[in-house]
Amino acid sequence: MANRVLASAAVTAVLLVIVASLALFLMANSGSAVPNAPIIAQNLLAGTSSTATAQGPAVSDEYVTVRTQDFGVWSYSATRSDMEPLHASVNYKHDTVADLKAYAEANKALLQQVVKLGGIAEVTVNFALPVSEDWFSNWVRVNHFQVDSAQGMGVFHVYGTADEPLTKDELANLTTNAGGVFGAYGSVDASYLAQLWTDPDIFLVDVTPAWVRYDVAQSGIKEPLRGRIQVALPFGWMERMGIHNFTDLSIPTPQTTFEPIILSPAPDEP
């Protein structure tokens, strides 16, 4: 009788070992057999479990700063996100007349470095006063300026090329509805930059875009900058502070374009 009990116990023990081994085998292989399989984490102290699903890398729209430089008067930052490629933007102090003049002088000093780089320079040009369509067209051709876009008085943005900076219809519309062209984004051969600065009709030749593109490339960043370097034209701030503070050119007086309405005097009361 005792031998039968011992044999039965031995068989039971063997069966338990086999069942336990099979369970361990199934648990070890279940996660790898099925992609994105739930992972079971057992909390032995609390006697509960939690489930998490393996996921691929998340896509974020948060910007990461790759490079930044601060020169006091102006600064720039190059950023990227999972949604947008590497691009750069320039910021500068613009709260006072002195700020804008200091930024213009900083660009004038930087211009010499950009000229030495040679090639085609990405720049923006801000005129001292809005210019007419004919003047702008002639200026573009004389300076071989490749126009990406031009801005006029008010919220107005138009596009063109170096051979035809803006179509005649666009220029006429720009001048009629917006009061003339006050700035342009584009590119020009670096050998023409010094010539542009001597033009009294120009307040600012902004060469920071050309220099930023060079600086990022020289820093060892392999990814190229996409699109234009973002920088604001200062004309809006100049206008609010008074154009006379930024140029010695005579500012035209607006002309009246309507006839005043003259009313007859009211009859005397009896």
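Candidates in the stretch 205-244 are the residues that are open to solvent by 60 Å² or more (accessible area, probe 1.4 Å), in a helix (DSSP H, G or I) and in contact with a strand residue (DSSP E or B) (Cβ under 9 Å, 6 or more places away or on another chain); of these, the one that is modelled with the highest pLDDT is Arg213.
Take the residues in the stretch 77-89 that are in contact with an Asp or Glu (Cβ under 8 Å, 6 or more places away or on another chain) and open to solvent by less than 40 Å² (accessible area, probe 1.4 Å); name whichever of them is nearest to Thr247 (Cα to Cα). Among them, the one singled out is Leu86. Residues considered: Val114, Val140, Val125. Of these, the only one that is under 23 Å from the mean Cα position of the chain (by Cα), part of a helix (DSSP H, G or I) and buried (at least 20 other Cβ atoms within 10 Å of the Cβ) is Val114.
The values are calculated or read from the model by the stated rules, or taken from the named source; none is laboratory data. What you see is a predicted model, and the numbers here were worked out from it, not measured in a lab. Glycine also receives a Cβ, built like all others from the backbone with ideal geometry; neighbour counts cover every protein chain displayed. All accessible areas refer to the heavy atoms of the entire protein, side chains included, with ligands and DNA or RNA removed. Shrake-Rupley method; radii C 1.70, N 1.55, O 1.52, S 1.80 Å.
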